[in-house]
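S.K.: Below are the structure tokens for one structure; questions will follow.
Please treat every number below as a calculation from the coordinates, not as lab data. Small disclaimer: the values here were computed from a predicted structure and weren't measured. Positions of Cβ are backbone-derived with ideal geometry, glycine not excepted, and every protein chain shown enters the neighbour counts.
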Amino acid sequence: MKVTILGCGPSAGVPLIGCDCSVCTSENPKNRRTRSSILIESDTTRVLVDASPDLRQQALREQFKTIDALIITHAHADHCHGVDEIRSFNYHGDRAIPIYADALTMQALQHRFDYLFLPPQKPWYRGALTPHVITDHEVFTIGDISFLPFEQQHGKTRSTGLRINDFVYSTDVNNFPNDSHYALEKMRFWLVDCLRYEPAPAHAHVALSLEWIQRYQPERAWLTHMNHDLEYTRLLAETPQCVEPVYDGMVLEIK
Ligand SMILES: [Zn+2]
Ligand SMILES: [Zn+2]
Ligand SMILES: [Zn+2]
């Protein structure tokens, strides 16, 4: 299985509009971060996790033209406001795209993007999604990839964590409820939220992400959803050898 980092930025991206700090003006492309999203691929199946406002640029950059399904972790704008781009995937796949989300998130999506849930209309002038509501702790399968969804605390709301075999994706999280801990046990690879150095109300910060990694002991861990406090080279040097910040376009080989 292969995981491509489509984006690893915070809600406003890096660079921030109007910011002239050293990270926002950095020449290193690894410091340019579009909004957070990943692409999970097996030999036969391609699943997009989150539809960031940068989805169009991400798909052009990574050169994929359709997907088998879309999973949305939560309804914050940076994770779903690119969903209208689904139209291109409808067109190239010539079908409605299944969308998976928890009940609360699906409700928000159906409210905000009602037109995407109307009956499909070829030739795809309008995007079309078919809703699949997922439930924490109930495994669902797309093609040959199985997902275990679990609850993550995200400030005053929640997000869905995803475990796929030995790999876990935990974006937008500041705490794990007790009955989600099992989903993190004995994982080998972890892509986890890490917003900045200072503690944040709805996200993990560097010290907290490293504390969790120490606790769950994955073989490799990667940090994502990073804002302009975090300079790639500096953070890479500051983290233990099994931990590294990701960058847009990075490919994680999960074996
Ligand atoms: Zn976010
Ligand atoms: Zn900045
Ligand atoms: Zn969020």
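S.K.: For the chain, give the share of DSSP beta bridges that are antiparallel, in percent and rounded to the nearest 5; count only bridges with both residues there.
M.R.: That works out to approximately 55 percent antiparallel.
S.K.: Where does the charge balance sit around Asn28 when Lys and Arg score +1, Asp and Glu -1, over other residues with C-beta under 13 Å from its C-beta?
M.R.: +1
S.K.: Now for a separate question. Would you tally the net charge around Ile134, using a Cβ to Cβ cut-off of less than 13 Å, leaving Ile134 out, and scoring K and R as +1, D and E as -1?
M.R.: -2
S.K.: Now a separate question. Given a 10 angstrom Cα cut-off, can you work out which residue in Arg35, Arg126, Arg112 is the most mobile in a GNM of the chain?
M.R.: Of the options given, Arg112 has the highest mean-square fluctuation.
S.K.: Quick check for the chain: number of Lys pairs with alpha-carbon distance under 18 Å, counting only pairs 8 or more apart or on different chains?
M.R.: Final tally of qualifying lysine pairs is 4.
S.K.: For the chain, what percent of Cα pairs sit more than 23 Å apart?
M.R.: Summing the P(r) tail past 23 Å for the chain gives 48 percent.
S.K.: Between region 55-112 and region 183-255, how many Å separate their Cα centres?
M.R.: Centre-to-centre (Cα) distance: 25 Å.
S.K.: So how do 72-81, 239-248, 13-22 stack up, highest first, on mean other-Cβ count within 10 Å?
M.R.: 72-81, 239-248, 13-22
S.K.: Within 15 Å, Cβ to Cβ, of Cys8, how many net charges do the neighbouring residues add up to if Lys/Arg are +1 and Asp/Glu are -1?
M.R.: Residues near Cys8 contribute -4 overall.
S.K.: So for the pair Glu138, Asp94, with labels modelled 7 Å out along Cα→Cβ, what separation do we get in nm?
M.R.: The modelled label-to-label distance comes out at 3.3 nm.
S.K.: Ordered by packing density, taken as the mean number of other Cβ atoms within 10 Å over each peptide's residues, highest first, how do 212-221, 42-51 rank?
M.R.: Per-residue mean Cβ counts within 10 Å order the peptides as 42-51, 212-221.
S.K.: For the chain, modelled as a Gaussian network with Cα springs under 10 Å, which listed residue fluctuates most, Thr25, Thr141, Thr105?
M.R.: Among Thr25, Thr141, Thr105, the largest mean-square fluctuation in the Gaussian network model of the chain belongs to Thr141.
S.K.: With contacts defined as alpha carbon pairs under 8 Å and 6 or more residues apart, what's the relative contact order of region 30-129 in percent?
M.R.: Here the relative contact order equals 23 percent.
S.K.: Just from its helices, what would the mean residue ellipticity at 222 nm be for the chain, if runs of 4 or more DSSP H residues each count -39500 (n - 2.57) and the sum is divided by every residue, rounded to the nearest 500 deg cm²/dmol?
M.R.: Here the helix-only value at 222 nm equals -5000 deg cm²/dmol.
S.K.: Give the calculated FRET efficiency between Asn175 and Ala108 to the nearest 0.05, with a Förster radius of 25 Å applied to their Cβ-Cβ distance.
M.R.: My answer for the efficiency is 0.70.
S.K.: If you don't mind, there's one more thing I want to ask. Return the single residue from His228, His154, His111 with maximal mean-square fluctuation; model: Gaussian network over the chain, springs between Cα atoms under 10 Å.
M.R.: Result for the chain, Cα springs under 10 Å: His111 fluctuates most.
S.K.: Placing unit charges on C-beta atoms (Lys and Arg positive, Asp and Glu negative, everything else neutral), compute the dipole magnitude of the chain about its Cα centre in debye, rounded to 20.
M.R.: So the magnitude is around 460 debye.
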